[in-house]
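Asker: Below you'll find the structure I mean.
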Amino acid sequence: MDEAAELLEGELRAGQQESADLDTEGAWLAFLRFGRRLFDVSDTPDADGLLFQYGTYAFDGPATFMLDLARQFEITDSDGNHDHYVQVHCELRYEPAPALETLGSFHSWFFHGAGDDLAEWAEKLSARAAWITIRTLRPADIKVYQEQV
(Lines give C-alpha, C1' and ligand atoms only; values in the text may rest on other atoms or scores of the structure.)
Protein backbone atom coordinates (compact mmCIF):
# COMPACT_ATOMS: atom_id res chain seq x y z
CA MET A 1 0.00 0.00 0.00
CA ASP A 2 2.94 2.33 0.53
CA GLU A 3 3.37 2.50 -3.26
CA ALA A 4 -0.33 2.72 -4.16
CA ALA A 5 -0.23 6.39 -5.23
CA GLU A 6 2.81 5.71 -7.41
CA LEU A 7 1.05 2.73 -8.99
CA LEU A 8 -1.98 4.88 -9.77
CA GLU A 9 0.23 7.58 -11.30
CA GLY A 10 1.90 4.89 -13.42
CA GLU A 11 -1.48 3.74 -14.72
CA LEU A 12 -2.41 7.33 -15.56
CA ARG A 13 0.83 7.78 -17.51
CA ALA A 14 0.52 4.48 -19.41
CA GLY A 15 0.36 5.33 -23.11
CA GLN A 16 0.27 9.09 -22.46
CA GLN A 17 2.86 11.71 -23.30
CA GLU A 18 1.65 14.02 -20.53
CA SER A 19 -1.25 14.09 -18.08
CA ALA A 20 -2.64 17.07 -20.03
CA ASP A 21 -3.40 14.60 -22.85
CA LEU A 22 -5.63 12.55 -20.55
CA ASP A 23 -9.39 12.88 -20.84
CA THR A 24 -11.86 11.76 -18.21
CA GLU A 25 -12.48 8.36 -19.75
CA GLY A 26 -8.73 7.71 -19.96
CA ALA A 27 -8.38 8.54 -16.27
CA TRP A 28 -11.34 6.26 -15.44
CA LEU A 29 -9.83 3.35 -17.37
CA ALA A 30 -6.48 3.90 -15.64
CA PHE A 31 -8.24 3.96 -12.27
CA LEU A 32 -10.00 0.69 -13.08
CA ARG A 33 -6.66 -0.94 -14.00
CA PHE A 34 -5.34 0.28 -10.65
CA GLY A 35 -8.53 -0.98 -8.99
CA ARG A 36 -7.95 -4.50 -10.32
CA ARG A 37 -4.60 -4.73 -8.54
CA LEU A 38 -4.88 -6.66 -5.32
CA PHE A 39 -3.18 -5.48 -2.15
CA ASP A 40 -2.42 -7.28 1.09
CA VAL A 41 -5.23 -5.98 3.30
CA SER A 42 -7.07 -7.22 6.35
CA ASP A 43 -9.67 -9.93 5.87
CA THR A 44 -12.79 -7.78 6.24
CA PRO A 45 -15.37 -7.00 3.54
CA ASP A 46 -14.59 -3.26 3.49
CA ALA A 47 -10.80 -3.40 3.78
CA ASP A 48 -10.22 -2.43 0.12
CA GLY A 49 -12.75 -0.13 -1.52
CA LEU A 50 -13.07 1.97 -4.64
CA LEU A 51 -15.05 5.21 -4.62
CA PHE A 52 -16.47 7.07 -7.62
CA GLN A 53 -17.84 10.49 -6.67
CA TYR A 54 -18.52 13.80 -8.32
CA GLY A 55 -19.99 17.17 -7.52
CA THR A 56 -19.31 20.89 -7.34
CA TYR A 57 -17.27 21.76 -4.27
CA ALA A 58 -15.31 24.71 -2.84
CA PHE A 59 -12.80 22.88 -0.63
CA ASP A 60 -9.79 25.11 -1.33
CA GLY A 61 -11.01 27.96 -3.52
CA PRO A 62 -13.88 28.79 -5.85
CA ALA A 63 -16.56 26.18 -6.43
CA THR A 64 -15.29 23.64 -8.97
CA PHE A 65 -16.78 20.52 -10.48
CA MET A 66 -14.69 17.53 -9.41
CA LEU A 67 -14.63 13.86 -10.20
CA ASP A 68 -12.83 12.01 -7.43
CA LEU A 69 -11.75 8.43 -8.04
CA ALA A 70 -10.45 7.06 -4.76
CA ARG A 71 -9.24 3.80 -3.30
CA GLN A 72 -9.54 3.24 0.42
CA PHE A 73 -7.57 0.73 2.46
CA GLU A 74 -8.40 -0.17 6.03
CA ILE A 75 -5.39 -0.24 8.34
CA THR A 76 -5.67 -2.43 11.41
CA ASP A 77 -3.67 -2.50 14.63
CA SER A 78 -1.64 -5.48 15.89
CA ASP A 79 -4.83 -7.03 17.34
CA GLY A 80 -6.64 -6.84 13.99
CA ASN A 81 -8.90 -3.97 15.05
CA HIS A 82 -9.61 -0.96 12.84
CA ASP A 83 -7.03 1.79 13.30
CA HIS A 84 -7.56 4.15 10.33
CA TYR A 85 -7.99 4.32 6.57
CA VAL A 86 -5.56 5.32 3.85
CA GLN A 87 -7.11 6.85 0.74
CA VAL A 88 -5.43 7.27 -2.63
CA HIS A 89 -7.21 9.87 -4.77
CA CYS A 90 -7.23 10.72 -8.44
CA GLU A 91 -9.00 14.06 -8.36
CA LEU A 92 -10.07 15.57 -11.67
CA ARG A 93 -11.09 19.25 -11.68
CA TYR A 94 -12.92 20.95 -14.54
CA GLU A 95 -13.41 24.46 -15.85
CA PRO A 96 -16.84 25.89 -14.92
CA ALA A 97 -19.62 24.78 -17.28
CA PRO A 98 -23.40 24.90 -16.83
CA ALA A 99 -23.73 21.28 -17.99
CA LEU A 100 -21.46 20.16 -15.14
CA GLU A 101 -23.18 22.27 -12.50
CA THR A 102 -26.54 20.67 -13.30
CA LEU A 103 -25.21 17.17 -12.59
CA GLY A 104 -25.43 17.67 -8.84
CA SER A 105 -23.45 15.21 -6.76
CA PHE A 106 -23.22 11.44 -6.67
CA HIS A 107 -21.10 8.70 -5.08
CA SER A 108 -20.82 4.93 -5.36
CA TRP A 109 -18.60 2.43 -3.52
CA PHE A 110 -17.19 -0.95 -4.57
CA PHE A 111 -15.48 -3.29 -2.08
CA HIS A 112 -13.29 -6.16 -3.19
CA GLY A 113 -14.19 -8.32 -0.19
CA ALA A 114 -17.97 -7.90 -0.51
CA GLY A 115 -18.50 -10.42 -3.30
CA ASP A 116 -19.48 -7.87 -5.98
CA ASP A 117 -18.01 -7.79 -9.48
CA LEU A 118 -15.76 -4.84 -10.35
CA ALA A 119 -16.61 -4.96 -14.06
CA GLU A 120 -20.35 -4.82 -13.31
CA TRP A 121 -19.87 -1.88 -10.95
CA ALA A 122 -17.84 -0.01 -13.58
CA GLU A 123 -20.38 -0.78 -16.29
CA LYS A 124 -23.26 0.59 -14.18
CA LEU A 125 -21.35 3.81 -13.55
CA SER A 126 -20.42 4.17 -17.22
CA ALA A 127 -24.10 3.79 -18.14
CA ARG A 128 -25.17 6.77 -16.01
CA ALA A 129 -26.48 9.75 -17.97
CA ALA A 130 -23.96 12.03 -16.22
CA TRP A 131 -21.12 9.96 -17.65
CA ILE A 132 -22.12 11.02 -21.18
CA THR A 133 -21.55 14.63 -20.12
CA ILE A 134 -18.17 14.20 -18.43
CA ARG A 135 -16.49 11.21 -20.13
CA THR A 136 -14.89 13.08 -23.05
CA LEU A 137 -13.98 16.25 -21.15
CA ARG A 138 -10.37 17.08 -20.46
CA PRO A 139 -9.86 18.04 -16.84
CA ALA A 140 -8.25 21.38 -16.14
CA ASP A 141 -6.21 19.64 -13.45
CA ILE A 142 -5.51 16.09 -12.30
CA LYS A 143 -4.15 15.59 -8.80
CA VAL A 144 -3.05 12.25 -7.34
CA TYR A 145 -2.49 12.18 -3.59
CA GLN A 146 -2.65 9.91 -0.60
CA GLU A 147 -4.09 10.75 2.81
CA GLN A 148 -4.83 9.13 6.14
CA VAL A 149 -8.43 9.45 7.34
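The values are calculated or read from the model by the stated rules, or taken from the named source; none is laboratory data. Since the structure is predicted, the reported quantities are computational estimates derived from the model, not experimental observations. Here the Cβ is made from the backbone with ideal geometry for all residues, glycine too, and neighbour counts use every protein chain on show.
Asker: Please identify the pairs in which a residue from region 30-41 that is of a type outside the set (Gly, Ala, Ser) has its Cβ atom under 6 Å from the Cβ atom of a residue that is assigned to a loop (DSSP other than H, G, I, E, B), counting only partners at least 6 apart or on another chain.
Answerer: Going by the 6 Å Cβ cut-off, the qualifying pairs are Phe39/Met1; Val41/Ala47.
Asker: Looking only at region 70-91, which residues are free of Cβ contacts under 8 Å to residues at least 12 places away in the same chain and out of contact with any strand residue (DSSP E or B) (no Cβ under 7 Å at 6 or more places or on another chain)?
Answerer: Across region 70-91, the qualifying residues are Ser78, Asp79, Asn81.
Asker: A further question follows. Pick out the one residue from Glu6, Glu11, Glu25 that is surrounded by 19 or more Cβ atoms within 10 Å (Cβ to Cβ), in a helix (DSSP H, G or I) and charged (D, E, K, R). Spell out the reasoning first.
Answerer: On the way: Glu6 fails: surrounded by 19 or more Cβ atoms within 10 Å (Cβ to Cβ); Glu25 fails: surrounded by 19 or more Cβ atoms within 10 Å (Cβ to Cβ).
Residue meeting the stated conditions: Glu11.
Asker: Got a sec? Which of Glu3, Glu74, Glu91 is of a type in the set (Asp, Glu), at pLDDT 90 or above and over 25 Å from Trp131 (Cα atoms)? Outline the logic, then answer.
Answerer: Working: Glu3 fails: at pLDDT 90 or above; Glu91 fails: over 25 Å from Trp131 (Cα atoms).
Answer to the check: Glu74.
Asker: Still on this structure, I have one more. Inspect all residues belonging to region 54-61 and state whether any of them is modelled with pLDDT of 90 or more, within 20 Å of Glu3 (Cβ to Cβ) and surrounded by 18 or more Cβ atoms within 10 Å (Cβ to Cβ).
Answerer: no
Asker: What is the residue count in region 103-131 for residues that are more than 17 Å from the chain's Cα centre (by Cα) and surrounded by 11 or more Cβ atoms within 10 Å (Cβ to Cβ)?
Answerer: Matching residues across region 103-131 total 4.
Asker: Please list, ordered by first then second residue, the pairs with beta carbon atoms under 9 Å, 6 or more apart or interchain, first in region 127-149 and free of Cβ contacts under 8 Å to residues at least 40 places away in the same chain, second of a type outside the set (Gly, Ala, Ser) and in a helix (DSSP H, G or I).
Answerer: Trp131/Thr24; Trp131/Glu25; Trp131/Trp28; Trp131/Leu125; Thr133/Leu100
Asker: Which of the residues that make up region 42-69 are hydrophobic (A, V, I, L, M, F, W, C) and either in a strand (DSSP E or B) or without any contact (Cβ under 8 Å) to a residue 60 or more places away in the chain (or both)? Before the answer, list the steps.
Answerer: The initial filter retains those residues of region 42-69 that are hydrophobic (A, V, I, L, M, F, W, C), namely 47, 50-52, 58-59, 63, 65-67, 69.
Leu50, Leu51, Phe52, Ala58, Phe59, Ala63, Phe65, Met66, Leu67, Leu69 - these are the residues of region 42-69 that are hydrophobic (A, V, I, L, M, F, W, C) and either in a strand (DSSP E or B) or without any contact (Cβ under 8 Å) to a residue 60 or more places away in the chain (or both).
Asker: Please give the helices (runs of 4 or more DSSP H) falling wholly within region 88-146 in which 3 or more residues are more than 17 Å from Arg36 (Cβ to Cβ) and touching a helix residue (DSSP H, G or I) at 6+ places or on another chain (Cβ under 7 Å).
Answerer: Working: elements: 98-101, 118-126, 129-134.
Qualifying helices (runs of 4 or more DSSP H): 129-134.
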